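Chemist: Got a structure for you, written out below as structure tokens; questions coming shortly.
A short reminder: the numbers here are calculations on the coordinates, not readings from a lab. Owing to the predicted nature of the structure, the values given are computational and were not obtained by experimental measurement. Backbone-built Cβ (ideal geometry, glycine too); neighbour counts: all protein chains shown.
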Amino acid sequence: MTVLEAIQKSADFLAKKGVESARLNAELLLAHQLKLPRMKLYLNFDRGLTAAETDGLRELVKRRSAREPLQHITGSTSFCGCEISVSRHALVPRPETELLAELGWKFLQGRADRLASQDAQPRVPATALDFGAGTGCIAIALAAKCSTARITALDIAPDALALARQNAALNKVAVRMEFLLSDGFAALSEGNQFDLIISNPPYIASAEIETLDPEVKDYDPRGALDGGPDGLDFYRRLAAEAKSFLIPAGKIMVEFGDGQADAIRSIFTAQKWIVETVQEDYSHRARILIARF
Ligand code: GLN
């Protein structure tokens, strides 16, 4: 079988099993099997696969057809240019969250520049807290893009935090990061204040989880999805408790689900936050709220 035939056969099989973007998935699985960047496949369409390669690919396609996420099979994903290892212990980073991270590091860099211009000795770094860090993707992107900032990654799940730690090391930003095992803000010491609190908390209503794609409901940890009866539990908690952990000029940035914008805005304004922006994602859906107090 040639590379091209393998792609076509795998794509047909995946499509039949209800996998979205079957051709792209087939190409990425084959690229993973052959340890080649996907684009290199196009230069090798006529290359024959060895028996071992064919067997390996069959195994990968079988896993994907059972709706195991592509990123779990390949073991990693790219987030804001950082390589992030994924596992069953944390939510697979989503492309739309890259926008949240980008808004975060732009604000944080502005804070870092201002602090540097104040010429305080010793230098005071800009700081951010990633609340519910999961794989650590947001925290790591902030640390990678804002080279003087100090970032705290907080999560309630020890396995997720271990993964975040591993990802920080992989991206060589661990020296400027802290990892905090905490239920909400409980483990943070009083007086610990950040320039930025950023979060992509669980926001699916508990009863809706069963209606999600198998890749999500069967593989993302429940704790990373479940936002309580109406999906909004974590926003209530953030709106009520985050203030004392922000400096006066600080900001909170949160991602939320499609259709939740009005509810999230009300939750924050009810707690006397000033909502600065509700930002749309690339498909023009309101998905991020930025507030200060
Ligand atoms: N902060 C992580 C992410 O955005 C985890 C989010 C979560 O578990 N809800 O991918």
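Chemist: Only loop residues by DSSP count here, and only those with at most 12 other Cβ atoms within 10 Å; note down the chymotrypsin sites (Phe, Trp or Tyr not before Pro) in segment 1-58 that meet that.
Modeler: Sparse-neighbourhood loop chymotrypsin sites (Phe, Trp or Tyr not before Pro): 42, 45.
Chemist: Got a sec? Charge dipole of segment 1-59, +1 on Cβ for Lys and Arg, -1 for Asp and Glu; which of 56, 19, 8 is way out at the positive end?
Modeler: Final value for the positive-end residue is 19.
Chemist: Moving on. What list of ³J(HN,Hα) couplings, whole Hz, do you get for segment 177-182 from phi and the Karplus terms 6.51, -1.76, 1.60, once you set θ to phi - 60° and write x for glycine and proline?
Modeler: Here the 3J(HN,Hα) series is 10, 10, 10, 10, 7, 7 Hz.
Chemist: What three numbers, in Å, describe the spread of the alpha carbons of segment 217-293 along their principal axes, ordered from the longest?
Modeler: Computed over segment 217-293, the largest-to-smallest principal extents equal 41, 27, 19 Å.
Chemist: Highest mean first, what order results for 271-283, 92-104, 186-198 on Cβ atoms within 10 Å?
Modeler: 92-104, 186-198, 271-283
Chemist: Tell me the angle of helix 158-170 to the major Cα principal axis of the chain, expressed in degrees between 0 and 90 and rounded to the nearest ten.
Modeler: 80 degrees
Chemist: What 222 nm value per residue comes from the helices of the chain, counting each DSSP H run with n ≥ 4 as -39,500 (n - 2.57) and dividing by all residues, nearest 500 deg cm²/dmol?
Modeler: Value at 222 nm, helices only, nearest 500: -12000 deg cm²/dmol.
Chemist: Can you tell me the orientation of helix 261-270 relative to the chain, as the angle in degrees between its alpha-carbon axis and the longest Cα principal axis, to the nearest 10?
Modeler: Roughly 20 degrees between the two axes.
Chemist: Let me ask you something else. ³J(HN,Hα) across segment 69-81 via Karplus (A = 6.51, B = -1.76, C = 1.60, θ = phi - 60°), whole Hz, x for Gly/Pro?
Modeler: So the J values, rounded to whole Hz, are x, 3, 5, 6, 6, 7, x, 7, 8, 9, 9, 6, x.
Chemist: While we're looking at this one, here's another question. In sequence order, what are the phi-derived ³J(HN,Hα) couplings for segment 223-240 according to the Karplus relation 6.51 cos²θ - 1.76 cosθ + 1.60 with θ = phi - 60°, rounded to whole Hz, with x for glycine and proline?
Modeler: Computed from phi, the couplings for segment 223-240 are x, 8, 10, 6, x, x, x, 10, x, 10, 3, 6, 6, 4, 5, 5, 4, 7 Hz.
Chemist: Also, I was wondering about something else. Which number comes out as Rg/Rh for the chain once both Rg and the Kirkwood Rh are worked out on C-alpha atoms?
Modeler: Result: Rg/Rh = 1.03.
Chemist: Quick check on my link table: of 17/217; 35/172; 9/62; 106/272, which ones sit more than 19 Å apart, alpha carbon to alpha carbon?
Modeler: The answer is 35/172; 106/272.
Chemist: Something else about it: Among DSSP beta bridges lying fully in the chain, give the percent that are antiparallel, nearest 5.
Modeler: 45 percent
Chemist: Could you check which residue among 56, 136, 231 shows the biggest mean-square fluctuation in a GNM of the chain with a 10 Å Cα cutoff?
Modeler: 56
Chemist: Could you work out how far helix 97-117 tilts from the main Cα principal axis of the chain, as a 0 to 90 degree angle to the nearest 10?
Modeler: Tilt relative to the chain: about 40 degrees.
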